[in-house]
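Values in this text are rule-based calculations from the coordinates and carry no lab data. Just so you know, these numbers come straight off a predicted model, no measurement behind them. Glycine also receives a Cβ, built like all others from the backbone with ideal geometry; neighbour counts cover every protein chain displayed.
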Amino acid sequence: MTAIAGVIVSFLVMLLSDLLKVTGPRRWGNAVFLIAIALLIASLSFAVSSGHWLTVAFPLRVFFFLLAALAACLEAITLLLALPAGETYLGAGENALVDRGMYALCRHPGALWLPALLISLALALGSQGLLLAGVLASALNTLYVFYQDLWVFPKTIPGYAEYKKTTPFLIPTRASLKKALGTTRHRQD
């Protein structure tokens, strides 16, 4: 299986995982989601050595490695620290709504950091294969979060409809940035 096919299959498996979370035992949906993530990581890793190599000047490589490291940290904070990771990815009950920190910035902050991570890492390594697979994975991830936002999360996260009214979908606003940083002042009545 090529890296591109693996990326596509991984997102199809993610769709299946959400279908299971909504219609069947959530535990099965979580297990299938973890398989999808493992397949995505394996496909992107394989993509590094597929395709041609890009010529990237050393100072730019350093810059892109630093950018990739920052994006990786932001992605890890978003998906592993800002959420209750054990319950989110392994639990059998409902997901708790998280509306502070990264999730006050926008409803899908991980979708902001993924393209930065994959594209900057591809440029740092000079890997055309990872660049193509990363762009595809980023585009599919954007479609996937639209699907989750419209259909999955309203059914699986209590309070999500209200959260949608107060927090931008993907592009942060000045108000959401202030809220995420904890600098929003509340009016006293």
Scope segment 122-142; condition in contact (Cβ under 8 Å) with a residue 40 or more places away in the chain, over 28 Å from F58 (Cβ atoms) and among the hydrophobic types (A, V, I, L, M, F, W, C); matching residues: L140
K155, sole failed condition from (1) in contact with a helix residue (DSSP H, G or I) (Cβ under 6 Å, 6 or more places away or on another chain); (2) surrounded by 17 or more Cβ atoms within 10 Å (Cβ to Cβ): (2)
Failed item, numbered, when L170 is tested on (1) of a type in the set (A, V, I, L, M, F, W, C); (2) within 20 Å of L74 (Cβ to Cβ); (3) out of contact with any Cys (no Cβ under 6 Å at 6 or more places or on another chain): (3)
Leading residue by the ranking (farthest from L118 (Cα to Cα)) among those in segment 55-70 that are surrounded by 12 or more Cβ atoms within 10 Å (Cβ to Cβ) and small (G, A, S): A69
Selection from segment 122-143 of residues that are within 14 Å of the chain's Cα centre (by Cα) and surrounded by fewer than 22 Cβ atoms within 10 Å (Cβ to Cβ): V135, L136, S138, A139, L140, N141, T142, L143
Residue count, segment 23-54 (criterion: exposed (fewer than 15 other Cβ atoms within 10 Å of the Cβ) and touching a Phe, Trp or Tyr at 6+ places or on another chain (Cβ under 8 Å)): 1
Flag if V13 is farther than 18 Å from P115 by Cα, assigned to a helix (DSSP H, G or I) and either among the acidic types (D, E) or free of Cβ contacts under 8 Å to residues at least 40 places away in the same chain (or both): yes
Residues of segment 17-71 satisfying the condition of being among the charged types (D, E, K, R) and within 28 Å of Y147 (Cβ to Cβ): D18, K21, R26, R27
Within segment 100-121, tally of residues that are in contact with a Phe, Trp or Tyr (Cβ under 9 Å, 6 or more places away or on another chain) and either surrounded by fewer than 16 Cβ atoms within 10 Å (Cβ to Cβ) or free of Cβ contacts under 8 Å to residues at least 24 places away in the same chain (or both): 1
